[in-house]
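As structure tokens, the structure follows; a few thoughts come after it.
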Amino acid sequence: MSTSSRDVAVGTELPPLELEKINRATLALFAGGSGDHNPIHIDIDNARSAGYDDVFAQGMLSMAYLGRLITNWVPQERVREYGVRFTAITPLFAQPTCTGTVVSLATVDGEQRATIELLVTLADGTVTLRGDAVVALD
Amino acid sequence: MIDKKHIGMDLGTMTVDVERGRLRFFAKAIGQTDPVYTDLDAAQAAGHPDLPVPPTFFFSLELESRDGFGYLETMGVDLRQLLHGEQRFTYHRVAHAGERLTLHTRITDITSKKGGAMELITRATTVTDENGELVAESRGLMVVRNPEVSA
């Protein structure tokens, strides 16, 4: 898929990234892989002591999934800025889908840049992350 | 309530070595299928000197560089009541395995909402390379729930 500035317009959608269902192994692996050892995501006793029914996913796991959506679309050296707001907890067994839409184009520092609006949505429609990224085209 | 005296707290400067094995483990943990992030040949074919540091991995380096969430414990935060509110990165260039990066983190703001039922901690980190050049900036908002405070 081309990301040349000729082929990208406001409204262009990135190819969505559908993830597997999140299970306890996903969370344990991400705790180790990311270095976020907060037990709330891997120890049900810890989660229950804080009033949760069960463990839930690390927010940064979903941000990393969205990062994959971006770098599937443009090589990483073109990513200038990337931010998210975590809007809901991702429960166990949720199935996230990452989507992105180009919302504006601009020339900055001599390069053509696109701003992408990003979402992570669960199968039940819950939006767990809202974000944006700025990438250079061409 | 978190003492506002912690605004401006300097969490110090830490140097971390970016390791290929760590990047591969991270890639596996996020289900990464793009070989650029795991296979040195694929990375080099794409023009990288070594495996690239993926866009959100700077947060992991932050955790590594300052003893995890130790700074929150210093502020008296119960980790079980912690939620990540926002996270943002600005990139100046791609970093790679084999680099030694220096992270400098400060607490830039502490505010409360809903009559103290939620407290917000803003943290800002700069990532620089061995030449002192800026590689990336990271800004995070941590949310601390105080369930005993009724809004």
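The values are calculated or read from the model by the stated rules, or taken from the named source; none is laboratory data. Being a predicted model, the structure only gives us computed values, none of them experimental. Here Cβ is always computed from backbone atoms with ideal geometry, including for glycine, and neighbour counts include all displayed protein chains. Just the protein is used for accessible areas: all its heavy atoms, side chains included, with ligands, DNA and RNA removed. Shrake-Rupley method; radii C 1.70, N 1.55, O 1.52, S 1.80 Å.
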Self-check item: Magnitude of the charge dipole, chain B, Cβ model with Lys/Arg +1 and Asp/Glu -1, debye to 20
Solution: 560
Quiz prompt | Relative compactness, the protein assembly as shown, computed as alpha-carbon Rg over 2.2 N^0.38 Å | solution = 0.99
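Using a probe radius of 1.4 Å on heavy atoms only, what accessible surface per residue do you get for the range B:60-151? Whole Å² is fine.
Details: 3860 Å² over 92 residues.
On a per-residue basis, the range B:60-151 sits at 42 Å².
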Practice problem: Across the protein assembly as shown, how many lysine pairs, 8 or more positions apart or on different chains, have C-alpha atoms separated by under 20 Å? Please give the number. | Solution: 4
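Among A:Ser49, A:Ser4, what's the order by accessible area (1.4 angstrom probe), most exposed first? Show your work: numbers first, answer last.
Numbers: A:Ser49 70, A:Ser4 15 Å².
Result of the area sort, largest leading: A:Ser49, A:Ser4.
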Quiz prompt | Per-residue SASA entry for A:Leu137, accessible area with 1.4 Å probe, Å² rounded to 10 | solution = 10
Quiz prompt | chain A: angle of helix A:59-73 to the longest principal axis, Cα-based, in degrees nearest 10 | solution = 30
Quiz item: What angle, in degrees between 0 and 90 and rounded to the nearest 10, separates the Cα long axis of helix B:20-29 from the longest principal axis of the Cα atoms of chain B?
Solution: 60
Practice problem: Determine the dipole magnitude for chain A: charges of +1 sit on the beta-carbon of Lys and Arg, -1 on that of Asp and Glu, nothing else is charged, the reference point is the Cα centre, and the result goes in debye to the nearest 20. | Solution: 20
Quiz item: For the range B:6-69, which GluC sites (Glu not before Pro) are both in a DSSP coil and crowded by at most 14 other Cβ atoms within 10 Å?
Solution: B:Glu19
Quiz item: Any idea which of B:Leu63, B:Gly31, A:Gln95 is furthest toward the positive side of the dipole for the protein assembly as shown, if Lys and Arg beta-carbons carry +1 and Asp and Glu beta-carbons -1?
Solution: A:Gln95
Quiz item: If the viscosity is 1.306 mPa s and the temperature 10 °C, what Stokes-Einstein diffusion coefficient in µm²/s follows for the range B:17-151 when Rh is the Kirkwood radius over Cα pairs?
Solution: 97
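List the accessible area buried at the contact between A and B, summed over both sides and calculated with a 1.4 Å probe, in Å² to the nearest 100. Walk me through the numbers on the way to the answer.
Details: alone 7500 and 8250 Å², together 12670 Å².
So the total buried area for this chain pair works out to about 3100 Å².
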Quiz item: What Kirkwood hydrodynamic radius do you get for the range A:77-130 when you take the inverse of the mean 1/r over all pairs of distinct Cα atoms, in Å?
Solution: 12.8
Exercise. Ignoring everything but the protein chains, give the 1.4 Å probe accessible area of A:Ser34 in square angstrom, nearest 10.
Key: 0
Quiz item: Between the helical axis of A:24-34 and the dominant principal axis of chain A, each derived from Cα atoms, what acute angle in degrees is found, rounded to the nearest 10?
Solution: 60
